[in-house]
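Student: Sending over a structure as structure tokens; questions will come in a sec.
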Amino acid sequence: GAVVSQHPSRVICKSGTSVKIECRSLDFQATTMFWYRQFPKQSLMLMATSNEGSKATYEQGVEKDKFLINHASLTLSTLTVTSAHPEDSSFYICSGGWETQYFGPGTRLLVL
Amino acid sequence: RKEVEQDPGPFNVPEGATVAFNCTYSNSASQSFFWYRQDCRKEPKLLMSVYSSGNEDGRFTAQLNRASQYISLLIRDSKLSDSATYLCVVNSDAGNMLTFGGGTRLMVKP
């Protein structure tokens with residue numbers, strides 16, 4: 001299957017700082033990528049759809065000014081958690097693909 | 001009502017057992033269906049797509065019933081390594097956006 005990478009795999013930061021997470025499609029081009037968040041013992045929840053060359057589409061309840069998404073190329077989408085707070089601590093996963101979605105390995109964020 | 005519903009389990013079964021999971025979806029216009037597997041603290045990985053005619057991949061059999069809007073996954077001869085959370089996933093629009101069920105946790109014991 002296709003390969004999607006994410007960086008960093010885990011990050012610990014202080015409350016109030018911003019954290020950038022990168023999602024790369026390594027062997028395919030993705031005009032659309034998706035960002036999910038998963039809290040412990042819960043399912044993946046779609047946060048936003050990242051669109052190459054245009055604005056991201058956010059799901060209801062997800063603050064676009066807090067979760068900044070940039071999809072500047074066909075192989076890279078970034079999610080920046082701005083002014084992170086402890087409640088933002090979660091597992092963030094991206095996906096990309098065509099008929100089938102392939103997931104990155106995820107980024108575990110811990111905000112102290 | 002959730003768009004995609006699954007029994008969260010856990011299903012505790014002995015090695016070698018046959019276990020079945022069901023999943024229901026609410027959007028009758030849904031077009032594509034998948035089962036993903038997610039291990040603890042890992043990303044979901046595609047287990048198999050689900051086709052209208054039903055499909056089999058080794059010990060795994062998936063079936064789709066569009067009239068009743070449910071999807072099933074059957075695992076035969078369970079292995080310890082099958083222990084994971086199984087996610088029922090539906091693509092409800094023409095794009096690639098997926099809707100996930102809450103997952104069914106399977107624990108296979110010796």
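The values are calculated or read from the model by the stated rules, or taken from the named source; none is laboratory data. Given the structure is predicted, the values throughout are model-derived calculations rather than measurements. Glycine gets a Cβ as well: all are built from the backbone with ideal geometry, and neighbour counts include every protein chain shown. Ligands, DNA and RNA are excluded from the accessible area calculation, which covers all protein heavy atoms including side chains. Shrake-Rupley method; radii C 1.70, N 1.55, O 1.52, S 1.80 Å.
Student: Going through A:Thr57, A:Thr17, A:Thr49 one at a time, which residue ends up being touching a residue at least 12 places away in the same chain (Cβ under 8 Å) and either open to solvent by less than 50 Å² (accessible area, probe 1.4 Å) or farther than 19 Å from A:Arg108 by Cβ (or both)?
Tutor: A:Thr49
Student: So which residues in the range B:22-34 are assigned to a loop (DSSP other than H, G, I, E, B), more than 11 Å from chain A (Cβ to nearest Cβ) and open to solvent by 10 Å² or more (accessible area, probe 1.4 Å)?
Tutor: Residues of the range B:22-34 that are assigned to a loop (DSSP other than H, G, I, E, B), as a first pass: B:26-31.
Among the residues that remain, those that are also more than 11 Å from chain A (Cβ to nearest Cβ) are: B:26-30.
Passing the criteria: B:Ser26, B:Asn27, B:Ser28, B:Ala29.
Student: Could you tell me whether any residue of the range A:70-84 is over 27 Å from A:Phe28 (Cα atoms), free of Cβ contacts under 8 Å to residues at least 24 places away in the same chain and in contact with a strand residue (DSSP E or B) (Cβ under 7 Å, 6 or more places away or on another chain)? Break it down into steps so the answer makes sense when it comes.
Tutor: The initial filter retains those residues of the range A:70-84 that are over 27 Å from A:Phe28 (Cα atoms), namely A:82-84.
Of the ones still in play, those that are also free of Cβ contacts under 8 Å to residues at least 24 places away in the same chain are none.
Looking for residues that are over 27 Å from A:Phe28 (Cα atoms), free of Cβ contacts under 8 Å to residues at least 24 places away in the same chain and in contact with a strand residue (DSSP E or B) (Cβ under 7 Å, 6 or more places away or on another chain), one finds none in the range A:70-84, hence no.
Student: Do any strands (runs of 3 or more DSSP E) lying entirely in the range B:35-110 carry at least 2 residues that are surrounded by 13 or more Cβ atoms within 10 Å (Cβ to Cβ), and which ones are they?
Tutor: Strands (runs of 3 or more DSSP E) meeting the threshold: B:45-50, B:60-65, B:70-75, B:84-91, B:98-100, B:104-109.
Student: Tell me, please, whether a residue that is more than 18 Å from A:Phe103 (Cα to Cα) and either in a strand (DSSP E or B) or at pLDDT 95 or above (or both) can be found in the range A:47-57.
Tutor: yes
Student: So if I check each of A:Cys13, A:Cys23, which one is more than 9 Å from every other protein chain (Cβ to nearest Cβ) and closer than 21 Å to A:Ala72 by Cβ?
Tutor: Exactly one residue qualifies, and that residue is A:Cys23.
Student: A further question on this structure: So is A:Phe103 hydrophobic (A, V, I, L, M, F, W, C), in contact with a strand residue (DSSP E or B) (Cβ under 6 Å, 6 or more places away or on another chain), within 14 Å of chain B (Cβ to nearest Cβ) and closer than 15 Å to A:Leu26 by Cβ or not?
Tutor: yes
Student: Could I ask something else about it? Regarding the range B:61-84, can at least one residue be identified that is modelled with pLDDT of 95 or more, within 24 Å of A:Gly104 (Cα to Cα) and within 14 Å of chain A (Cβ to nearest Cβ)?
Tutor: Checking the range B:61-84: at least one residue is modelled with pLDDT of 95 or more, within 24 Å of A:Gly104 (Cα to Cα) and within 14 Å of chain A (Cβ to nearest Cβ).
Student: Still on this structure, please answer the following. I need every pair where a residue in the range B:48-60 that is more than 14 Å from every other protein chain (Cβ to nearest Cβ) and over 14 Å from B:Arg37 (Cβ atoms) has its Cβ under 7 Å from the Cβ of a residue that is modelled with pLDDT of 90 or more and open to solvent by 80 Å² or more (accessible area, probe 1.4 Å), sequence separation at least 6 or different chains.
Tutor: B:Ser52/B:Arg66; B:Gly54/B:Gln63
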